[in-house]
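Rule-based calculations on the coordinates, nothing more; no lab input. All values reported here derive from a predicted model rather than from experimental measurement. Glycine gets a Cβ as well: all are built from the backbone with ideal geometry, and neighbour counts include every protein chain shown.
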Amino acid sequence: MRSDPNDYELVAPGNLSAVVSLLADQPGSWLPIAGGTDVMVQYAAGKLTARKMVSLWNLPELRQIEVADSELNIGATCTYSQIRNHEVVKKEFPLLASAASWTGGIANQNRGTLGGNIVNASPAADSLPALLVYEAELMLVSVRGERRVPYVDFHTGYKKTLLAPDELIRAICLPRRTSGYVSYSRKVGARNAQAISKVCLAALGQLSNGKVNDVRIAAGSVAPVPLRLSETEGVVKGNTIDSALIQHAKKAAAGEIRPIDDIRSTAAYRSAVLGNLVMEFLQKLATGGQSA
Amino acid sequence: MTAPRARSDISFTVNGEARTVSAQPMERLLDVLRNHLGLTGAKEGCGEGECGSCSVLMDGALVNSCLVPVLQAQGANLITIEGVAQKDQLRPLQQAFLDCGGAQCGICTPGFIMATCHLLSKKPQPTLEEIREGLSGNLCRCTGYAQILEAVQEAAARESAR
């Protein structure tokens, strides 16, 4: 059933301090809404349980991408269009740029925000594995002040996060340490554009004297949360990539994911495809990024 | 049943004209355009941001108007399909859709035209791949897309020639 707009409140205080004051006054009773690409879909379907919304759209404090010497700070309501077209993102964080370009069509990229995607906490979100491998940190803000948390700790269970009821994500901070790495990402879905992933993988690696010096692998749609594949990384790190290592890595990956059967795919298919994506990444890394 | 909330006055520019509507802040921009302002060119297809039939330009950016609460359009510059033609004169890109058979039943057409306006504003001479990407959020169930892609290529040529 369609929702009746008379039943909902929406306010737009227009600056960050007014928004966090509102959240502090009545913690948990206001749902922040940025570009609406998730909230408005639930609203249209009559499934939005929140009745009071506070708009973050076009808050100047959350809409900037700041380039610092050691990190890139992406304001939480920067859109996918802003992110995929940013020169430093394209050059140093190509996995994020490509994930942004896969997220919905152009109209949704013009409205969907990275912070919204993180808080919505879908295990299938395309950009979240990229944030895991870049070892992002989140800057959280409330009237109590700011705190930084490693993104890897942020999702505590299916659609659960460690965000307090009076807190917002202010920025996503990406360390500028991986520009020379080989990067690999692939989304497997029913079609490339505007389809939700069956499985997606983002990975980074670096070889030194023929051995894997550093490796980071993360996947979406294979567990209740976007997942860093630490055991698989442990198998690969410090070793030379050969067919035995690839088989070993595929087995480790299958062991640490928890895929499910749902409307988009099956656990068995997801597991098989994930192993193949890990293999494709390692083959690319072995050649120093020369092959596709 | 709760008592109706007080409406808010929300102002924006539509197709070059300043307008103020009295609306609930959570009303969808699509409904405000269609029901308050009589601009019925933008269509509701899926109502969840998948089909692009409700596409409009908001401050130059292509958006699905079914996913925009009208309060977020406060102060915005909006262009709908009704604002694309110059008086009675179709834009070359609209004529290209007609000439190439890029429209059949017509439900998706306003959205495709708006997506094409947006694409050509960013990339006046798009490659076929860029056209496919630029229109990937718009669904058509009649044409099979070939005529639409051809229309956009033709539109790019005509728009740049004018």
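Of note:
- Of the trypsin sites (Lys or Arg not before Pro) found in segment A:1-78, the ones in coil according to DSSP and having at most 15 other Cβ atoms within 10 Å of their Cβ are A:Arg2, A:Lys47, A:Arg51.
- Placing unit charges on the Cβ atoms only, positive for Lys and Arg and negative for Asp and Glu, gives segment A:187-292 a dipole magnitude near 200 debye about its Cα centre.
- Cα gyration tensor category, rounded, prolate or oblate, for segment A:182-286 with a/c compared to 1.5: prolate
- Spatially proximal lysines relative to A:Lys211 (Cα-Cα < 17 Å; intrachain offsets below 8 disregarded): A:Lys237, A:Lys284
- Derived scalar couplings ³J(HN,Hα) [segment A:240-256; Karplus, 6.51 cos²θ - 1.76 cosθ + 1.60; whole Hz; x for Gly, Pro]: 8, 7, 9, 5, 5, 5, 4, 4, 4, 5, 4, 5, 4, 5, 4, x, 9
- Taking amide hydrogens as placed 1.01 Å from N in the peptide plane, the amide H of A:Met53 sits under 5 Å from those of A:Glu9, A:Leu10, A:Val11, A:Leu31, each at least 5 positions away in sequence or on another chain.
- GNM top mover of A:Asp126, A:Asp261, A:Asp38 - chain A, alpha-carbon springs below 10 Å: A:Asp261
- Placed amide H near A:Leu72: partners under 5 Å, 5+ positions off or other chain: A:Leu174, A:Arg176
- Straight Cα distances below 18 angstrom link B:Lys122 to the lysines A:Lys90, with same-chain residues fewer than 8 positions distant left out.
- Model label points for B:Asp9 and A:Thr49, set 7 angstrom from Cα along the Cα-to-Cβ axis, are 3.9 nm apart.
- Percent RCO, i.e. relative contact order, over segment A:189-228, from Cα pairs under 8 Å lying at least 6 residues apart: 31
- GNM top mover of B:Thr20, B:Thr109, B:Thr127 - chain B, alpha-carbon springs below 10 Å: B:Thr127
- Lys/Arg +1, Asp/Glu -1 at C-beta; chain B dipole; positive extreme among B:Ala155, B:Asn35, B:Phe112: B:Asn35
- Computed [θ] at 222 nm, deg cm²/dmol, chain A (DSSP H ≥ 4; -39,500 (n - 2.57); rounded to nearest 500): -9000 deg cm²/dmol
- Under the Karplus curve 6.51 cos²θ - 1.76 cosθ + 1.60, θ = phi - 60°, whole-Hz ³J(HN,Hα) for segment B:102-111, x wherever Gly or Pro sits: x, 9, 10, 6, x, 4, 7, 4, x, x
- For segment A:175-274, the list of chymotrypsin sites (Phe, Trp or Tyr not before Pro) that fall in a loop by DSSP and count at most 16 other C-beta atoms within 10 angstrom is empty.
- Anchor A:Lys250: aspartates and glutamates whose Cα lies under 13 Å away (excluding residues fewer than 8 positions away in-chain): A:Glu231, A:Glu233, A:Asp242, A:Glu280
- Loop-resident trypsin sites (Lys or Arg not before Pro) (DSSP state other than H, G, I, E or B) in segment A:122-198 with no more than 11 further Cβ atoms inside 10 Å of their Cβ: A:Arg191.
- With the charge dipole of the protein assembly as shown set up from +1 on Lys and Arg Cβ and -1 on Asp and Glu Cβ about the Cα centre, the Cα lying farthest toward the positive end among the listed residues A:Ser17, A:Leu131, B:Ile131 is that of A:Leu131.
- Shape category assigned to segment A:47-134 from the gyration tensor of Cα positions, a/c cut at 1.5: prolate
- Shape category assigned to the protein assembly as shown from the gyration tensor of Cα positions, a/c cut at 1.5: oblate
- Total charge dipole magnitude, the protein assembly as shown, about the Cα centre, Cβ charges on Lys, Arg, Asp, Glu only, Debye to nearest 20: 580
- Choice from B:Val70, B:Val32, B:Val21 with maximal GNM fluctuation in chain B (Cα, 10 Å cutoff): B:Val21
- Only Lys, Arg (+1) and Asp, Glu (-1) charged, at Cβ; segment A:60-175 dipole about Cα centre in debye: 360
- With the charge dipole of the protein assembly as shown set up from +1 on Lys and Arg Cβ and -1 on Asp and Glu Cβ about the Cα centre, the Cα lying farthest toward the positive end among the listed residues B:Gln89, B:Gly16, A:Ile246 is that of A:Ile246.
- Label-point separation in nm, B:Glu129 to A:Val143, each point 7 Å along Cα→Cβ: 5.2
- Computed per residue of chain B from DSSP H runs no shorter than four, each worth -39500 (n - 2.57), the mean residue ellipticity at 222 nm is -8500 deg cm²/dmol.
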